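The block underneath contains the structure these notes are about, expressed in structure tokens.
The values are calculated or read from the model by the stated rules, or taken from the named source; none is laboratory data. Just so it is clear, the model here is predicted, and its values are computed rather than measured. Neighbour counts are summed over all protein chains in view; Cβ atoms, including those assigned to glycine, are modelled from backbone coordinates with ideal geometry.
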Amino acid sequence: MMDRAQRAAYLEALGIDVWVPRAPSSTATVRPTESADVTPACAISASPGASDGHWDALRAEVLGCTRCGLHAGRTQGVFGVGNPRAEWMVIGEAPGAEEDRRGEPFVGRAGQLLDAMLRAIGLSRAENVYIANVLKSRPPNNRDPRPEEVAACLPYLRRQIDLVRPRVLLAVGRIAAQNLLGTDESLTRLRGRVHRFGELNTPLVVTYHPAYLLRNPADKRKAWEDLKFARSVFRQLTAGVPEDGHRS
Ligand code: SF4
């Protein structure tokens, strides 16, 4: 469990002022999603989750994939990282240069910021979240994915989601959100709502990509609001309360 000091350190790493609750008054109320307390946002599911055989076969398929032209320029396919039995999945856009070199999504400065964001809500790629991208191979010069590349690669992500069966999906960045939801709506319009993904209607929440936040640190506070919103959705789900679909 993360204590207040740890959480404060992570929020400081995000560049976010820590809100300290005042002593309760007779009129003030604090909604759960605004609480400064951090309880474990999730625990690793006791369910079997990803079948090892299916998971390994899918990984091998991705690493040897030539379905689209991106295979020609990659160092390696980037399958994903984290706990394949996690109750949270984070979905990004595509590997960058460092990810392509190391074979792991979200490394480098953006990856460090993502890790700090996740830690702020009690998540860690080493323990209780799985991280993957829409595309498994790096587009040249970090250009946006092309529709035909997404069409070729998205079935892999769908199969990953089917195997992990997360409670909540967190889409980071406009490209990931738009491709997962099949929309061209702006990130601004997609934030603050619970969307649904796939046949299992998995709740999906949208926030900024950490690389964007490195360039636009003023928006880190909005990202923190998104993370708290996602955490509240998860808590309502695990408490058996249907989420209302909008940020309060
Ligand atoms: S991006 Fe996806 S579909 Fe294209 S080669 Fe890589 S793994 Fe295959």
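Candidates Arg158, Arg191, Arg174, Arg146: the one that is at negative phi, among the basic types (Lys, Arg) and in contact with a strand residue (DSSP E or B) (Cβ under 7 Å, 6 or more places away or on another chain) is Arg191. The one condition from (1) within 19 Å of the chain's Cα centre (by Cα); (2) within 12 Å of the ligand (Cβ to nearest atom) that Cys68 does not meet is (1). For Glu93, indicate whether it is closer than 13 Å to Cys153 by Cβ and not hydrophobic (A, V, I, L, M, F, W, C). Spelling it out, Glu93 is indeed closer than 13 Å to Cys153 by Cβ and not hydrophobic (A, V, I, L, M, F, W, C).
The criterion of at least 3 residues that are touching a residue at least 40 places away in the same chain (Cβ under 8 Å) is met by the following helices (runs of 4 or more DSSP H) wholly inside segment 131-242: 147-164, 174-181, 210-215, 220-238. Gln76 falls short on exactly one of the conditions (1) within 12 Å of the ligand (Cβ to nearest atom); (2) under 16 Å from the mean Cα position of the chain (by Cα); (3) polar (S, T, N, Q), and that condition is (2).
Table: residues versus (1) within 13 Å of the chain's Cα centre (by Cα); (2) modelled with pLDDT under 95.
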site: Val20; (1), (2): no, yes
site: Ala28; (1), (2): no, yes
site: Thr33; (1), (2): no, yes
site: Ala57; (1), (2): no, no
site: Gly82; (1), (2): yes, no
site: Ala86; (1), (2): yes, no
site: Glu104; (1), (2): no, no
site: Gly108; (1), (2): no, yes
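Checking each residue in segment 169-206 for being closer than 21 Å to Pro105 by Cβ and surrounded by fewer than 17 Cβ atoms within 10 Å (Cβ to Cβ) picks out Leu181, Gly198. Among the residues of segment 151-181, those identified as within 16 Å of the ligand (Cβ to nearest atom) and over 23 Å from Leu213 (Cβ atoms) are Ala151, Ala152, Cys153, Leu154, Pro155, Tyr156, Arg158, Arg159, Gln160, Ile161.
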